[in-house]
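Inspection log for the structure reproduced underneath, given as structure tokens.
The values are calculated or read from the model by the stated rules, or taken from the named source; none is laboratory data. On a predicted model such as this, the values are computed, not experimentally measured, just so you know. With ideal geometry, Cβ positions are generated from the backbone for all residues, glycine too; neighbour counts draw on all protein chains shown. Just the protein is used for accessible areas: all its heavy atoms, side chains included, with ligands, DNA and RNA removed. Shrake-Rupley method; radii C 1.70, N 1.55, O 1.52, S 1.80 Å.
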Amino acid sequence: MSLREEGLQLFVDTASLAFDQFAKAPESRRSIRQFFAALEQPGAARAGEGSRLPVCAQLDVALAVDTSYDPSLAQLIEAFKGIEPMLEWRRRTKYDDSPSDNFADGHANAMIIGPGGLEERSDLWLGVTLMAPHVRYPDHDHAPEEVYLVLSEGEFRQGEENWFSPGIGGSFYNVPGIKHAMRSVDTPLFAFWALLAARPH
């Protein structure tokens, strides 16, 4: 059995604890249990160095959020800081006319585990989105179900419903195929997402 790099394993462990603590909805809890059970078996590690985009200058502010009230979030942020230099931050290149004009330079996504991530695999995706203040992400959808864990202020939308603010430590579930979006407010938006691409039967 292959072994996962120590820093990445620490991140997976802290993410598992944090998602488990904050994912409250029944569908979220089922998805997260299946997601992290699958992660017990490591995938193929990616070689090479990470790369940043200009918006990553917002990371220090985003990661300075007050998590003193909850150790699991503080540990998750510290573990993320340990792997962040290895991540390849990328822009979303396909979108409609729904995002804000400053979207292209105002956001970055990084795949942690999944296609193009630190661990290459197709059965699940674990990643993160960073947005500068006052940026609207485009409407988008995907076949895998998804659970978010939000570590900042920010607003989210599912389908045609009203925008909602999960708050720091907020978590919610996206059913497969639902249109959804997010937008930052006066501070950077920072959120993890876990997509279970190959849902067990």
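Okay, here's what the table says:
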read-out: For Ala191, distant residues with modelled amide H under 5 Å away; value: Thr129, Leu151
read-out: With every protein chain in place, the range 1-76: carbon and sulfur % of accessible area (1.4 Å); value: 57
read-out: Estimated distance in nm for a label pair at Glu6 and Gln21, the labels positioned 7 Å out from Cα along Cα-to-Cβ; value: 2.4
read-out: About the Cα centre, charge dipole magnitude for the range 134-178 (Lys/Arg +1, Asp/Glu -1 at Cβ), debye; value: 120
read-out: Accessible-area order (highest first, 1.4 angstrom probe) of the listed residues Tyr95, Tyr173, Tyr148; value: Tyr95, Tyr173, Tyr148
read-out: Trypsin sites (Lys or Arg not before Pro) within the range 85-129: DSSP coil, no more than 14 neighbouring Cβ in 10 Å; value: Arg91, Lys94
read-out: Assigned charges on the beta-carbon of Lys, Arg, Asp, Glu; the chain dipole about Cα centre (debye); value: 340
read-out: Farthest toward positive dipole pole in the chain [+1 Lys/Arg, -1 Asp/Glu at C-beta], among Gly106, Ala79, Asn174; value: Asn174
read-out: Among 153-161, 44-52, the order from most to least packed when residues are scored by Cβ within 10 Å on average; value: 153-161, 44-52
read-out: Cleavage-rule hits, chymotrypsin sites (Phe, Trp or Tyr not before Pro), the range 1-74, DSSP coil, Cβ neighbours within 10 Å at most 16; value: Tyr69
read-out: Antiparallel DSSP beta bridges within the chain, as percent of all bridges there, nearest 5; value: 95
read-out: Using a Förster distance of 35 Å, the FRET efficiency for Ala143-Glu49 (Cβ separation, nearest 0.05); value: 0.65
read-out: Residue-span extension gain [Asp13 to Arg29] - 0.36 nm each, minus C-alpha spacing; value: 4.1 nm
read-out: Hits among lysines - C-alpha to C-alpha of Lys24 under 23 Å, sequence gap 8 or more where chains match; value: Lys179
read-out: Value of [θ]222 nm, deg cm²/dmol, for the chain, DSSP H segments ≥ 4, -39500 (n - 2.57) each, nearest 500; value: -7500 deg cm²/dmol
read-out: Under 5 Å, built H, 5+ apart or other chain: amide partners of Phe172; value: Tyr148
